[in-house]
Amino acid sequence: MIHSLFLINCSGDIFLEKHWKSVVSQSVCDYFFEAQEKAVDVENVPPVISTPHHYLISIYRDKIFFVSVIQTEVPPLFVIEFLHRVADTFQDYFGECSETAIKDNVVIVYELLEEMLDNGFPLATESNILKELIKPPTILRSVVNSITGSSNVGDTLPTGQLSNIPWRRAGVKYTNNEAYFDVIEEIDAIIDKSGSTVFAEIQGVIDSCIKLSGMPDLSLSFMNPRLLDDVSFHPCIRFKRWESERVLSFIPPDGNFRLISYRVSSQNLVAIPVYVKHMISFKENSSSGRFDVTIGPKQNMGKTVEGVVMTVHMPKAVLNMNLTASQGSYTFDPVTKVLTWDVGKITPQKLPNLKGIVNLQSGAPKPEENPSLNIQFKIQQLAISGLKVNRLDMYGEKYKPFKGVKYITKAGKFQSLGSRIVLG
């Protein structure tokens, strides 16, 4: 299936490569670099690229491209899911999935890739099994290994490898038994000029951190589970119980894992938590234009909208911008033509506003289209879909664990395309 894997940074340098079947030359990545040059930004690089002899399937995570080389046709989502699992494993082992962390732990990286893929096919991808096979790096273990010449590879087969619950190791013990769930939702929406919602969708996940002794059997129920569409489950979930009762019943892995991912697509169930009033205009036969943007809260259930950052890719003809921000600070990069406004929190009493003059290069024609406008924000303790956890029950163990649920709503970007705004 997967012949080779190349890790490429934002500068276009291949800083790590791994081959499972036969060595594939780095020159195959030239097709990827060509597609990268054509893309407007990193998110627009095609995930599947066909070449005369190979298929290149890639993901972009934490400023790193994971590019896999395939010689025969395979389901692309299967490879993409595996690449995400590789990035998640690096994050779990090293605390971050960055170029520096990978280079600092290059021996463990190769050991992990060797265990995760056997002759090009996925083998061990569960965190618990991998941590028994290859111990996570610590300062003490690194010192001992450098003195004794030993490695992080374990001596025994993982206890869960041959059981019917391979995601959980045996004999787990904790002094404090805890179970935490993070409900994280991100909104995609298209809003027309009048502020009406043309399209709205919520992508959500429930990330879990389970530190429970023994072999607990958990049941997680929701107030309104019928909201959820296209639910994707961790292998530990009993699917028949979900189908019949809409209850998540499972024996959890130990540590951090993604329990489910889901989608909410019903238009009437998606509330848009912020609005944007903008006026960006350029005068005919003039070397200047007007810029005026106001951001405000909307349908946020009384919660504070925070971490607001607006990014605008201005036309190439723009020379500089003289703006006044009523809140936060702004920067304009004259080379990349990117305007960034760091707003912070939004208070309904005084709405943030950014306005002023846009100076164009002398003799430059009027820009043909309005610039795109991207906004990021975060709302704590709010799941914008209205999803709420009802209760968590535990069976099979006698102790009482500490339980907690946290809700977060995030947004990717608003894009101003002529007469409409796109959030996604």
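Before moving on, here are some points about what is shown:
- The mean accessible area for residues of the chain, using a 1.4 Å probe and ignoring ligands and nucleic acids, is 51 Å² per residue.
- Once the Cα gyration tensor of the stretch 1-85 is diagonalised, semi-axes √(5λ) in Å: 18, 14, 13
- Measuring only protein heavy atoms, the 1.4 Å probe finds residue 208 accessible over about 10 Å².
- When the convex hull of its Cα atoms is viewed from all sides, the stretch 274-380 shows a mean projected area of 6.6 nm².
- For the chain, built as a Gaussian network whose Cα springs stay under 10 Å, the top-fluctuating residue of 212, 220, 77: 77
- Proximal aspartates and glutamates relative to residue 18, as straight alpha-carbon distance under 16 Å, when same-chain residues fewer than 8 apart are discounted: 99, 111, 114, 115, 118
- Of the two radii for the chain, the radius of gyration is 1.01 times the Kirkwood radius, both from the alpha carbons; that is the Rg over Rh value.
- 27 Å Cα-Cα threshold exceeded, pairs from 277/337; 350/410; 63/211; 63/316: 63/211
- In the chain, helices alone account for a calculated mean residue ellipticity at 222 nm of -5000 deg cm²/dmol, with every DSSP H run of four or more residues adding -39,500 (n - 2.57).
- Here, the stretch 2-148 has an Rg and a Dmax of 15.5, 50 Å when only alpha carbons are counted.
The values are calculated or read from the model by the stated rules, or taken from the named source; none is laboratory data. Worth saying up front: this structure is predicted, and the values here are computed from it rather than measured. Areas reflect the complete protein model, heavy atoms only, side chains present, ligands, DNA and RNA absent. Shrake-Rupley method; radii C 1.70, N 1.55, O 1.52, S 1.80 Å.
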